[in-house]
Amino acid sequence: MTPRSTSGASAVADIPADAGFTSLGLDPRVLAALTALGYEEPTPIQSAAIPLLLAGSDVLAQAATGTGKTAAFALPLLHRLAPDAPARERLSALILVPTRELAMQVAEAVHRYGKEMRIIAIPIYGGASMETQIRTLRRGVDVVVATPGRALDHIRRGTLVLAGVRTVVLDEADEMLDMGFAEDLEAILVATPKERQTALFSATLPPRIAAIAGKHLRDPETIKIDREPVAAGEAAKVRQVAYIVPRAHKMAALGRVLDIEHPTSVIVFCRTRTEVDELTETLNARGYRAEALHGGLSQEQRDRVMKKFRANKADLLIATDVAARGLDVQHVSHVVNYDVPSAAESYVHRIGRTGRAGREGVAITLAEPREHRLLRNIEFLTKQKIEIAQVPTVADLRARRLELTRASLRETILGGELDAFRTIVESLAQEFDIMDIAAAAVKQIESREGTADAEQEIPAAPTRRERTAENRSNAQSRSERPQERGAPARRDRDASTPARRASRDEAVTGSRTSRERGDEASGRREAAFPARGGKRTSRGGEWDVARLYIGAGRTAKVRPADLVGAIANEAGIDSRAIGAIQISDRFSIVEVPEEIADDVVAALRASTIKGRQVLVRRDRA
């Protein structure tokens, strides 16, 4: 029969605007769970689908991710469950999804919605222990959320019994077909009771979906929910965020962000193939599964890398822009710009790799303080806002790891086989509070897995506004000090002004060399900035001076401003603490306070000058 059509708009119009979920006729226990979760008003897909599913109709719904469709089929499904049935007949609902990530997400949602009903929902997907899943199924569950391949494996083994199934849901059906599950879906639907209720949700309704609906749905109601129109230039599915990070801490910041975001699959874009190889090696050493992709790979190597990435055998794909052209990967959850692309078009192409197939995507950019302007240019050209966020702290990382531990513990509890450990808990419970015992167990797990205690805080780079405010404050302070110190101090200051002005001009403008200023200026500079082991005098006092050798000079087009910017930004020191700068053809000499010289050397070695790493050490002259 031809499916009856129900528009989302008309379904919403039939419900009072202030009625909320109470007008939908849901079980009071389900409503109580929704209230506890803070749900107030149903979305259009929920308002349209829930009454039809409660009435027993089959439903064919077109709705994109992010419209609330999980609750649209989960809430009426819970309303129709019979959790008090015998264990072998307890399974009442089967939800089929394309990926293991979605299986875990939907199972968690069903568990939250059915908390008051003590509903047991488990995810079943490939890659997990088959024996554990079999034991859980034999104990009895209410809802199974499964990927088609693993569900069919259990059906053929006789461990997934569908005789009592009253509701079948196909979530993101178009994606399951795109992934080649058409035959598996056909076999599963044939194995379910004919009198079941079937709900099919899909972002699109191509002919293949219509064919499945015509064969396996009984006189379905058709619902189509259009996504709200998005203004031109806005990226509706991609959350864009940037972290301002000093170059020396970029790798640590990337690892921290990945640990917090916990992405399913990531493409990290770099500028050069050398950077791709170095980053891939570093990430693999830190325990990630990373693969490199750049123009230096043969076609066979490239195909092997992409096969691993598409099969989820690699978590991160580290690539250059050229190598990534033409990639067709639908399941990228995150895109990371390890460097800010100089062209806005490159940025748009990069972030376009995520947010596909109705999914929400995340675009992360790691920007150095001096690249803040490039972000503003991208915002201006793309008419899209990029959120500037703080790098997650050690406390954030610890909280995230505890959250993952909680999820792991919950999965273990659902997996059962805990009887052998109950005696330990019971014996300890005679001496300690049960909550203290559980907390101690979690602490022990965290200590074995590795906590965030050994992590170091990543220093936050000052924003442009903060740097501007600091510069204004310093300028105001300098302008006020002569009046405070009186005429004699003013004469002392004037006596040393030429040397200071010569050094400052050399460091900031780079417009003249010491040779151009003549021997007199050079002599004054040497008097103000003596060789290593001497003293440098400033308004605030004096300090020991160290001379640093930097293996880049005029041949590499290094200017004093480049050296001042690199030292001030990477080492995090005030530019006024930098002394004389001498630039030769192949090297440069910079004076810095002795007490921070080693920190400056370490920071510059971990950074780049004029786009490349150079030799940095104490001057041996």
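The values are calculated or read from the model by the stated rules, or taken from the named source; none is laboratory data. Because the structure is a prediction, the values reported are computed rather than measured. Because the Cβ atoms are built from the backbone with ideal geometry, glycine has one as well, and the counts that use them run over all protein chains shown.
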Confirm whether M104 is in contact with a strand residue (DSSP E or B) (Cβ under 7 Å, 6 or more places away or on another chain) and modelled with pLDDT under 90.
yes
Residue satisfying all of: in segment 424-447; within 25 Å of the chain's Cα centre (by Cα) and either surrounded by 12 or more Cβ atoms within 10 Å (Cβ to Cβ) or within 24 Å of A128 (Cβ to Cβ) (or both); modelled with the highest pLDDT among these
I445
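Regarding D142, is this residue of a type in the set (D, E, K, R) and in contact with a Pro (Cβ under 6 Å, 6 or more places away or on another chain)?
So D142 fits the description; yes.
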Among the residues in segment 149-158, are any surrounded by fewer than 21 Cβ atoms within 10 Å (Cβ to Cβ) and in a loop (DSSP other than H, G, I, E, B)?
yes
Assess whether V190 counts as being of a type in the set (A, V, I, L, M), outside the structural domain of L402 (by TED's automatic domain parsing), modelled with pLDDT of 90 or more and in a helix (DSSP H, G or I).
yes
Taking I134 as the residue in question, decide whether it is surrounded by fewer than 19 Cβ atoms within 10 Å (Cβ to Cβ) and either in a strand (DSSP E or B) or at pLDDT 90 or above (or both).
yes
May I ask you to list the residues in segment 254-294 that are buried (at least 22 other Cβ atoms within 10 Å of the Cβ), part of a helix (DSSP H, G or I) and more than 11 Å from the chain's Cα centre (by Cα)?
V276, T280, L283
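The rows are residues; the columns are (1) over 16 Å from the mean Cα position of the chain (by Cα); (2) part of a helix (DSSP H, G or I).
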residue	(1), (2)
P392	no, no
L402	yes, yes
A407	yes, yes
E411	yes, yes
E417	yes, no
R422	yes, yes
Can you name every residue in segment 219-234 that is part of a loop (DSSP other than H, G, I, E, B), charged (D, E, K, R) and either at pLDDT below 90 or under 17 Å from A173 (Cα atoms) (or both)?
D226, R227, E228, E234
For a quick check of your reading of the model, give me the residue pairs whose first member lies in segment 384-400 and is under 20 Å from H349 (Cα atoms), whose second is hydroxyl-bearing (S, T, Y), with beta-carbon atoms closer than 8 Å and at least 6 apart or on different chains.
I386/T365
Being touching a residue at least 40 places away in the same chain (Cβ under 8 Å), buried (at least 23 other Cβ atoms within 10 Å of the Cβ) and of a type outside the set (K, R) is the requirement here; does P123 meet it?
no
Given (1) touching a residue at least 60 places away in the same chain (Cβ under 8 Å); (2) over 30 Å from the mean Cα position of the chain (by Cα); (3) over 30 Å from S265 (Cα atoms), K115 misses just (2)
Is one or more of the residues making up segment 593-600 out of contact with any Gly (no Cβ under 6 Å at 6 or more places or on another chain) and under 19 Å from I244 (Cβ atoms)?
no
Residue list for segment 401-420, filter: without any contact (Cβ under 8 Å) to a residue 40 or more places away in the chain and either hydrophobic (A, V, I, L, M, F, W, C) or farther than 30 Å from I122 by Cα (or both):
A407, L409, I413, L418, A420
Does segment 126-157 hold any residues that are under 19 Å from E183 (Cα atoms) and without any contact (Cβ under 8 Å) to a residue 40 or more places away in the chain, and which are they?
G126, G149, R150, L152, D153, H154, I155, R156, R157
Output the number of the condition that R208 fails; it satisfies all remaining conditions of (1) within 28 Å of R370 (Cβ to Cβ); (2) in contact (Cβ under 8 Å) with a residue 24 or more places away in the chain.
(1)
Checked segment 588-621 for anything part of a helix (DSSP H, G or I) and either out of contact with any Leu (no Cβ under 9 Å at 6 or more places or on another chain) or within 22 Å of A253 (Cα to Cα) (or both); matches are E594, E595, I596, D598, D599, V600, V601, A602, A603, L604, R605
Can you name every residue in segment 570-587 that is crowded, with 16+ Cβ neighbours inside 10 Å and in a loop (DSSP other than H, G, I, E, B)?
G572, I573, I578, G579, A580, F587
